[in-house]
Amino acid sequence: MRRWNLFAALLPLAIVIACQSDPRPYARKPPRDYSRPPSQPNPPPSSGPRTSSHNLLRQVNLIQDMVPKGRHGRRKHRSMRPRYITIHSTQNYTGDAFAHAKALKRGALRGRNRIGYLIWHFTVQENVAIQHMPTNEQGEHADFDGPGNRYSIGIEMCEHRGNSRQATLDRTAKLAAYLMKRHGIPIRNVVPHYHWPRKGRSPANKNCPHYLMTNGRPGAKWRAFLNRVNHYHRLIS
Ligand SMILES: [Zn+2]
């Protein structure tokens, strides 16, 4: 049992690190049209009953379980005015959002980056979203010392067994819409991890979140997700 626990504790680390170095090939010149705002949300339509951003946040079911200030991924304070929202998926098939919160709080997720630890702002699963750090601080989830870390809020979507992908996507879309409204971020700045090239890595653009990419890069599935974010954003605008 104890050995299993150790394995379970280390697995998220192994998988997150694997997520940073996925060797799958991509096209040399990826199209950038995915970053355009969707012109017609379809589906779902934006004609539903309007709501407030407060109500939308209540639907997200957000829990704050912060990494302590000054520790691990927050050991250096680096302020941020967020201009982007970066969407990831964990590629961790055993760890739920609570397991990721625990791992971040005990400094179990190390990374070869500016501070030696991985950290992001939110982890979402089918029934809850957990916040790990304030949105006015820089994380370590996208592109080392690049703009993805310096200017974006990082959201990880869980993939553990039994977790509903559709419910997770919907909750993530609501959270992203809320954050767009809160920080004045336009839909074109809601981007996949793929958007941020990682210096010194091959391929530079990561296949993440992998299940929203098409042949390793943004396509129809990503645009459908953006449409969903846009739908919720319009309901509170
Ligand atoms: Zn990622």
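The values are calculated or read from the model by the stated rules, or taken from the named source; none is laboratory data. Computed from a prediction, not measured in an experiment: that's the story for all the values here. Virtual Cβ from ideal backbone geometry, glycine too; neighbours counted across all protein chains shown.
Residues satisfying the criterion are absent from region 72-79 (criterion: assigned to a loop (DSSP other than H, G, I, E, B), among the charged types (D, E, K, R) and farther than 19 Å from Ser152 by Cα).
Return yes or no: is Arg182 more than 17 Å from Ile155 (Cβ to Cβ) and over 16 Å from the mean Cα position of the chain (by Cα)? Can you show your working first?
Numbers: more than 17 Å from Ile155 (Cβ to Cβ): no; over 16 Å from the mean Cα position of the chain (by Cα): yes.
No: the conditions fail for Arg182.
Of all residues in region 190-211, which are closer than 26 Å to Asn227 by Cα and either at pLDDT below 95 or in a strand (DSSP E or B) (or both)? Of everything in region 190-211, those that are closer than 26 Å to Asn227 by Cα and either at pLDDT below 95 or in a strand (DSSP E or B) (or both) turn out to be Val190, Val191, Pro192.
When Ala108 is tested against (1) at pLDDT 95 or above; (2) closer than 30 Å to Leu235 by Cα; (3) in a loop (DSSP other than H, G, I, E, B), just one condition goes unmet, and that condition is (2). If the condition is being β-branched (Val, Ile, Thr) and either buried (at least 18 other Cβ atoms within 10 Å of the Cβ) or in contact (Cβ under 8 Å) with a residue 12 or more places away in the chain (or both), then region 184-237 contributes Ile185, Ile187, Val190, Val191, Val229, Ile236.
Residue by residue through region 154-175, note down the ones that are of a type outside the set (D, E, K, R) and touching a His at 6+ places or on another chain (Cβ under 8 Å). Break it down stepwise before answering.
Within region 154-175, the subset of a type outside the set (D, E, K, R) is 154-155, 157-158, 160, 162-164, 166-169, 172-173, 175.
Of everything in region 154-175, those that are of a type outside the set (D, E, K, R) and touching a His at 6+ places or on another chain (Cβ under 8 Å) turn out to be Gly154, Ile155, Met157, Cys158, Ala173.
Reported count of residues in region 109-136, each being away from the ligand (no atom under 13 Å from the Cβ) and among the small types (Gly, Ala, Ser), is 2. Restricting region 142-167 to residues that are surrounded by 23 or more Cβ atoms within 10 Å (Cβ to Cβ) and aliphatic (A, V, I, L, M), which is nearest to the ligand (Cβ to nearest atom)? If we take residues in region 142-167 being surrounded by 23 or more Cβ atoms within 10 Å (Cβ to Cβ) and aliphatic (A, V, I, L, M), then Ala142 is nearest to the ligand (Cβ to nearest atom).
Specify the residue that is surrounded by the fewest Cβ atoms within 10 Å (Cβ to Cβ); the eligible residues are those in region 86-108 that are within 16 Å of the ligand (Cβ to nearest atom) and over 26 Å from Pro218 (Cβ atoms). Show your work before the answer.
If we filter region 86-108 for residues that are within 16 Å of the ligand (Cβ to nearest atom), which is where we start, we get 86-93, 95, 97, 100, 103-104.
Still in the list and also over 26 Å from Pro218 (Cβ atoms): 103-104.
On the way: Ala103: 22, Leu104: 26.
Ranking the candidates gives Ala103 first.
Could we say that Gly139 is under 19 Å from Pro209 (Cβ atoms) and within 16 Å of the ligand (Cβ to nearest atom) here? In short, yes.
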